[in-house]
1. Among residues belonging to the range 244-262 that are among the aromatic types (Phe, Trp, Tyr) and within 20 Å of the chain's Cα centre (by Cα), point out the one that is nearest to residue 163 (Cα to Cα).
2. Would you confirm whether any residue within the range 2-10 is surrounded by 10 or more Cβ atoms within 10 Å (Cβ to Cβ), more than 14 Å from residue 58 (Cβ to Cβ), in the same structural domain as residue 138 (by TED's automatic domain parsing) and modelled with pLDDT of 60 or more?
3. Which of (1) of a type outside the set (D, E, K, R); (2) part of a loop (DSSP other than H, G, I, E, B); (3) loosely packed, with under 13 Cβ neighbours inside 10 Å does residue 252 not meet, given it meets every other one?
4. Applying the selection to the range 38-61, what residues are of a type in the set (Asp, Glu) and on the phi > 0 side of the Ramachandran plot?
5. Taking residue 243 as meeting all but one of (1) closer than 19 Å to residue 146 by Cα; (2) charged (D, E, K, R); (3) assigned to a loop (DSSP other than H, G, I, E, B), write down the number of the exception.
6. Does residue 96 meet the test of being in contact (Cβ under 8 Å) with a residue 60 or more places away in the chain, touching a Ser or Thr at 6+ places or on another chain (Cβ under 6 Å) and within 21 Å of residue 25 (Cα to Cα)?
7. With respect to the numbered conditions (1) over 23 Å from the mean Cα position of the chain (by Cα); (2) outside any helix (DSSP H, G or I); (3) loosely packed, with under 13 Cβ neighbours inside 10 Å, which one is the sole condition not fulfilled by residue 200?
8. Here are 65, 58, 39: which of them is touching a Ser or Thr at 6+ places or on another chain (Cβ under 7 Å) and in the same structural domain as residue 100 (by TED's automatic domain parsing)?
Amino acid sequence: MKLSASAFYNKQQNHLSIWWQGSIFLIVLLSFNFCLYFIDQRVLADELVWIKPIKFEISIIVHFITLAVLASLLSPEKQYSLSWRSMSYWVVAAGLFEVLYIFLQAARGRESHFNNSTTIESIMYGLMGVGAVILVVGSFYLGYLLYREYQPKRNNILLLSSSLGLTIGSVLTLIIASYLSSSETGYSITENTENVMRLPIFSWYLNGEDLRVPHFFATHMMQLLPFYGLWLTRKNLSFADCKKRILWSCGIYTILVLLLFAIAVL
């Protein structure tokens, strides 16, 4: 289904346009955040204070656009169902809450994650966890709906790759994020990381113990597998061959993420 400009004002399509409205809001916030990055040189947790909000804003923008585009593959019946319409609002609200709180804490020069210093910050950190679960549940549910679209004919490789990417990526993300949030030392198991090399831009510790590495690859399976499926549809290949490649790629990618997770934990 194609979205027109009128979709922003069509009540029946509010749950569709909300993805794009949320994305536009975050793009504006991201632009403002970049300005602050060059003006404000404060440091928090060994990196400039505005790095974390920028990374999360980009991540949520990508997530919103991914779900908006893949939801267009649904039949009108599922696209306009009460369950998916409700889920759309919950996911967008959760994403905006996460980003705005991270932005606010950066402005205050305070950590947003693993911060239980005050009662309010402890409550907000807990609410961030709830918001993260809603984001993952939303992507998993869309993956489930896409698989139901795939089932009757079983001849659409884009539906298959998108459903697998969303469902498996969501499960892996939830597993890693749950362990990460329960870790006393946060994303890095080793507390003494002063002399550990870090990857530029991402700020990952390169000692193999940074849980953000498997978390990143788990989350972005939701984009990579559908992109791979789209690329395969452009090739002159049989459906059976495309399906085999998708399943193999999905299996190898899942093993890679779990291996990175095991290395970080063990």
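The values are calculated or read from the model by the stated rules, or taken from the named source; none is laboratory data. Predicted, not measured: the structure shown is a model, and the values here were computed from it. Heads up, the Cβs are rebuilt from the backbone with ideal geometry, glycines too, and the neighbour counts pull from every protein chain shown.
1. 253
2. No, that holds for no residue.
3. Result: residue 252 passes all but (2).
4. 46
5. Here residue 243 clears every test but (3).
6. no
7. Of everything listed in (1) over 23 Å from the mean Cα position of the chain (by Cα); (2) outside any helix (DSSP H, G or I); (3) loosely packed, with under 13 Cβ neighbours inside 10 Å, residue 200 misses just condition (1).
8. Exactly one residue qualifies, and that residue is 65.
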